[in-house]
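Chemist: My questions all concern the structure below.
Every number here is computed from the coordinates shown, using simple stated rules; none is lab data. Since we're looking at a predicted model, the values are computed, not measured. So basically every Cβ, Gly included, is an ideal-geometry build from the backbone, and we count neighbours across all protein chains shown.
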Amino acid sequence: MGASEYKTVLETRDLTVNFRTYRGEVKALDRVELSLFAHEVLALVGESGCGKSVTALTILGLLPQNAYVLGGQILFKGEDLLKKSADEMRVVRAEEIAAIFQDPMTFLNPVLTIGVQVKEAFLVQRGPMWSGAAEDQTESGAVDRNIRDFLLRKDVPNAQNGIKMSGGKKERIAEELSKDILKLVRLPDPERILTQYPHELSGGMRQRCMIAMALARRPSILIADEITTALDVTVQAQILTLLKELRDTIEESLTTLLITHDLSIAAETADRIVVMYAGNVVEVSSTKELFRKPLHPYTQLLMKCIPDVRKPVIRLESITGSVPDLIEPPTGCRFHPRCPFVMEICRVNKPVLKEVSDGHLVHCHLY
Amino acid sequence: MSEELLVVEDLKTWFPIKAGVMQRTVGDVKAVDGVSLTVGRGETHGLVGESGSGKTTLGKSALRLIEPTAGKVLFDGFDVTKATKKELRKLRRRMQIIYQDPYASLDPRQTVRSLLTEPMRTHKLVSSRAEATSRATELLLMVGLNEEHAYRFPHEFSGGQRQRIAVARALAVEPEFIILDEPTSFLDVSVQAQVLDLLKDLQRNLGLTYVFISHNLSVVQYMSDRVDVMYLGKIVEDASRDVLYKSPEHPYSFYLMAAIPIPDPEFKKVPRLLSGDVPSPVNVPPGCRFHPRCPYATEKCRTGEVPFYPGSSADHHVACHYSIDFEAGTSVLRPDAKV
Amino acid sequence: MFAALFGRTIDSLAVAVLLVWWPTYVRLTRGQVLVEKEKTYVEALRALGVSPVRTLLFHVIPNSIYPILVNSTLDFGGVILTFSALMFLGFSPSPALPELGNLASDGIGHVFTAPWLIVFPGLTILIIAISFNLIGDGLRDVLDPRLRR
């Protein structure tokens, strides 16, 4: 299973992002290299301040005002996303890369019903979708409502440019599709939910609505940023299972970037894991390989910190020190002040992300 | 000096829901609805549950930070629920609490020194400024910080350090008993380990008794000796830690354990998902509160209170009318079932 | 009305403005205290056994006054403007008083022949108001430890 066999859907190279704060410049991302392979679930794992959310925001073009990209590229479908204008990025977010975040309440409009919001996700899509739907009409005028087919049908030929669908018809199609997509995310009683407001739903249900709305745009990439952190553990289990189910069902067209601070979630849900620390990618590997043989000292220590329910221990190990201040990050390797294997070179030179074995990369002078 | 430091008897904490122009009470949020438990001196008693379970309300009610609606709380034999303001003040020295959010539990305008010395002066534990300061330094060292940290403000510290300050502050009054309300939920994994180990060390060195409240089952397992599982205001299972984690007997406990993510990709977990969402204590189902989501529920579960039945090991209580074989997926009505 | 009752002195004007402005502060303070009171650290102090009176005086109120402080610096500009407006409208105790509004009202008659008579007082009022605004912003940024995360 060589890395080269996989098609890369998105790739960041040398991505460097700083934030301007009145205390100084925060060097949030330091030459981050990330590759997303088609159809996989890639987990971006790290603790607070490591830059995982910043990476997602940079890809989406949603960085706040005080952030700026110092350098690097984000290659997607042959183009550099960083070179796109704000309007172009909006289209990308609407149709290609969808994102779901931790708190659904801040992303759902509290005064609109779920129905209106989910339908909107369908209605904002441009041309091809509606032409494609028009093509599906049988002689009697019925529309193909199979949602899986809908989701899989990515490149609908934009042949029927001339066909303009009436608003009413669009509404009806969107309504049916909305019901179907809510069923896909396993929401019980979709008809009723379409009439409800966000605050009437529980946290888990809101998160499912967010997933539905994201999928409705038929994205090639789904970014899920800490989507289960605010949820109870039984609900979290449901959502993670749903994500895995979706990956298997929509395999053809969906790649998921799962951002989490919880290695256990990554272990259960992801195919590959990228470990980040203080703005750097420190290790990349397939999930199985990472747990069998973690190479980077940070990864090794992190694994020892997590209590495993199956094997209770007397004492948890911890990592001495704390996450560095990124305004004045440590010289050389940013992990060196806390590293049990620190060498002279670590203080002076930054390591390079090197492939140690097939598909397993490490950012460390030990290798 | 009794062996049972904290005894909770049928505690109920209800919050009235007021509606309408006249603000009449139309119902109650039954956050804690009849809970009884015992915490032995020197032990760590874990309290697990999801949101709406009432675990935090239970902890705060035991300390009378929230006034209970009914029931009794005995601390070292002394009735906390009936204590006068003066008696309560004295009790506060012996029972403390550490909060979940280290960013909110410290007054942002106070220096660490002031934070630590204020409780000392309130309870007249020190007689001079110098004594207060030296004691504050002692406390800082005890929690792994240093002397110069005393002159800084909370916002200058990281989450983990702030929790240490909160612990130091609680220790300033020399308590015997501390309620830890999700003390590490807001902290990074690596910092969590540090704080948990600190808590364990302090317990051993100072002979403290803890009630550890958390929704994180792995952490509760690491810290606790006994564990109670709460659901919608009631305890559904009470057992020693090892028994609960190896062989839970209440269906809710079982599904809770099954939901914990395992840090091992090779481990083939049988997907056991609980359907439905975590309910809110506003609309409490009749009978066994868990019955709407329970795959083993029967007619008998829909009415009447569910008492504690003995579990298969000593000192194990399960609030379920049935004995369930989770592997086989079968259930048998208990012979002494009160239905 | 006040001026009519108590005569047109500068003091009566001051008292009048004061009477109109202070309810805002009371409302603000009450609002802030209500918010502050619910915060976790307040409950923590209760758990520690600190008396409610002490908590209110030494913790809640100091933490509540920041937004009010900021607001008050903004109001400095507003008060000056109000004073000037009142003077301008004719409530001036004496035409010779070197107050900005007074000067402006004098100048208005001569706006075409001697525009500087109104322009400069007007500009000064504007600059003063903006300065207080900026001071308020700066004060808030510097003084409020909570905002410095």
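Chemist: With θ set to phi - 60°, apply the Karplus curve 6.51 cos²θ - 1.76 cosθ + 1.60 along the range A:185-198 and write out the HN-Hα couplings as whole Hz, x wherever there is a Gly or Pro.
Modeler: Ordered by residue, 3J(HN,Hα) equals 8, 6, 8, x, 6, x, 4, 5, 5, 4, 8, 8, 9, x Hz.
Chemist: Let me ask something additional. If you fit an axis through the alpha-carbon atoms of helix B:112-122 and take the longest principal axis of the Cα set of chain B, what angle between them do you get, 0 to 90°, nearest 10?
Modeler: Computed tilt is about 80 degrees.
Chemist: OK, next. By average Cβ neighbour count within 10 Å, what is the ranking of B:237-245, C:126-134, B:47-55, B:94-102 from highest down?
Modeler: Result, highest mean Cβ count within 10 Å first: B:47-55, B:94-102, B:237-245, C:126-134.
Chemist: Over the Cα atoms of the protein assembly as shown, Rg to Rh with Kirkwood Rh, two decimal places?
Modeler: 1.02
Chemist: At a 10 Å Cβ-Cβ cut-off, how would you order B:Leu115, C:Leu19, fewest neighbours first?
Modeler: Taking fewest neighbouring Cβ atoms as first place, the list is C:Leu19, B:Leu115.
Chemist: Can you tell me which aspartates and glutamates have their Cα less than 20 Å from the Cα of A:Lys169? Leave out same-chain residues fewer than eight positions away.
Modeler: A:Glu120, A:Glu135, A:Asp136, A:Glu139, A:Asp144, A:Asp149, A:Asp180, A:Glu191
Chemist: Determine the distance separating the Cα centre of the range B:106-174 from the Cα centre of the range A:1-76; give it in Å without decimals.
Modeler: 40 Å
Chemist: Hey, with R₀ at 30 Å, roughly what FRET efficiency would B:Leu206 and B:Asp315 work out to, going by the Cβ-Cβ distance, to 0.05?
Modeler: Here the calculated transfer efficiency is 0.70.
Chemist: Just to confirm the number: angle between the C-alpha axis of helix A:233-249 and the first principal axis of chain A, 0 to 90 degrees, nearest 10?
Modeler: Between the helix axis and the principal axis of chain A, the angle is about 70 degrees.
Chemist: On to the next question. Identify which of B:Asp277, B:Asp228, B:Asp28 has the largest mean-square fluctuation in a Gaussian network model of chain B, with springs joining Cα atoms closer than 10 Å.
Modeler: B:Asp277
Chemist: Where does the charge balance sit around A:Gln300 when Lys and Arg score +1, Asp and Glu -1, over other residues with C-beta under 13 Å from its C-beta?
Modeler: Around A:Gln300, the charge tally is +2.
Chemist: Looking at this model, which pairs from B:Lys60/B:Lys234; A:Lys7/A:Lys304; B:Lys55/C:Lys39 are more than 24 angstrom apart at the alpha-carbon?
Modeler: Listed pairs above 24 Å: A:Lys7/A:Lys304.
Chemist: I've got another one for you. Skipping prolines and chain starts, which residues have an amide H placed within reach, meaning under 5 Å, of the one on B:Glu249, given they are 5 or more residues away or on another chain?
Modeler: Residues meeting the amide H criterion: none.
Chemist: For A:Asn66 and C:Lys37, what does the FRET efficiency come to when R0 = 25 Å and r is the distance between their Cβ atoms, rounded to the nearest 0.05? Can you show the working numbers first?
Modeler: Details: r = 33 Å, r/R0 = 1.32.
Efficiency, from the Cβ-Cβ distance: 0.15.
Chemist: The range A:241-295 to the range A:172-227: how many Å between their Cα centroids?
Modeler: The range A:241-295 and the range A:172-227 have Cα centres spaced 23 Å from each other.
Chemist: Sort B:126-135, B:60-69, B:3-12 by the packing proxy (mean of other Cβ within 10 Å over each peptide's residues), most packed first.
Modeler: Going from most to least packed, we get B:60-69, B:3-12, B:126-135.
Chemist: Next question, about the same structure. Averaged over A:224-237, how many beta carbons belonging to a partner chain fall within 10 Å of each residue's beta carbon?
Modeler: Partner Cβ neighbours, averaged per residue: 5.
Chemist: I've got another one for you. What list do you get for B:His250, A:His365 if you sort them by fewest beta carbons within 10 Å? List each step's numbers first, then the result.
Modeler: Working: B:His250 28, A:His365 21.
Starting with the residue having the fewest Cβ neighbours, the order is A:His365, B:His250.
Chemist: Pull up all non-local amide H partners of B:Gly34: gap of 5 or more, or a different chain, and H-to-H distance under 5 Å with H placed in the peptide plane.
Modeler: B:Leu11, B:Lys12, B:Thr13
Chemist: In addition: Pop out the ³J(HN,Hα) list for the range A:338-354 in order, Karplus 6.51 cos²θ - 1.76 cosθ + 1.60 with θ = phi - 60°, rounded to Hz; leave Gly and Pro as x.
Modeler: My calculation for the range A:338-354 gives 10, 8, x, 10, 4, 10, 4, 5, 5, 6, 9, 9, 7, x, 10, 6, 10 Hz in order.
Chemist: Okay, moving on. Order the peptides B:210-223, A:20-33 from the highest to the lowest mean number of other Cβ atoms within 10 Å of their residues.
Modeler: Numbers: B:210-223: 23.4, A:20-33: 17.8.
Ranking, from highest mean packing down: B:210-223, A:20-33.
Chemist: Averaged over peptide B:217-227, how many Cβ atoms belonging to another chain are found within 10 Å of each residue's Cβ?
Modeler: 3
Chemist: Assuming R0 = 25 Å, can you tell me the calculated FRET efficiency for the pair C:Thr113 and C:Leu19, based on Cβ-Cβ distance, to the nearest 0.05?
Modeler: So the FRET efficiency works out to roughly 0.05.
Chemist: Something else now. Please give the calculated 222 nm ellipticity per residue for chain A, where each DSSP H segment of at least 4 residues contributes -39500 (n - 2.57) and the sum is spread over every residue; nearest 500 deg cm²/dmol?
Modeler: Value at 222 nm, helices only, nearest 500: -10000 deg cm²/dmol.
Chemist: Given only helices, namely DSSP H runs of n ≥ 4 each adding -39500 (n - 2.57), what is the per-residue ellipticity at 222 nm of chain B, to the nearest 500 deg cm²/dmol?
Modeler: Helices in chain B give a 222 nm mean residue ellipticity of -8500 deg cm²/dmol.
Chemist: Sorted from fewest to most neighbouring beta carbons within 10 Å, what does the list A:Thr299, A:Thr106, A:Thr229, C:Thr55 look like?
Modeler: In order of increasing Cβ crowding within 10 Å: A:Thr106, A:Thr229, C:Thr55, A:Thr299.
Chemist: Next question, about the same structure. Roughly how crowded by other chains is peptide B:109-119, in terms of the mean Cβ count from those chains within 10 Å of each of its Cβ atoms?
Modeler: Per residue, the number of nearby Cβ atoms from other chains is 3 on average.
Chemist: Evaluate Rg over Rh across the range A:286-361, taking Cα atoms for both radii and Kirkwood's formula for Rh.
Modeler: When Rh is taken as the Kirkwood radius, the ratio is 1.01.
Chemist: By the scheme Lys and Arg +1, Asp and Glu -1, what is the net charge of all other residues having a beta-carbon under 10 Å from that of B:Gly287? Please list the in-between numbers first.
Modeler: Details: positive: B:Arg289, B:Lys300, B:Arg302; negative: B:Glu299, B:Glu305.
Counting the neighbours of B:Gly287, the net charge comes to +1.
Chemist: Between helix B:159-171 and chain B, what is the angle of the helix's C-alpha long axis to the longest principal axis, kept within 0 to 90° and rounded to the nearest 10?
Modeler: Long axis of B:159-171 versus the principal axis of chain B: about 80 degrees.
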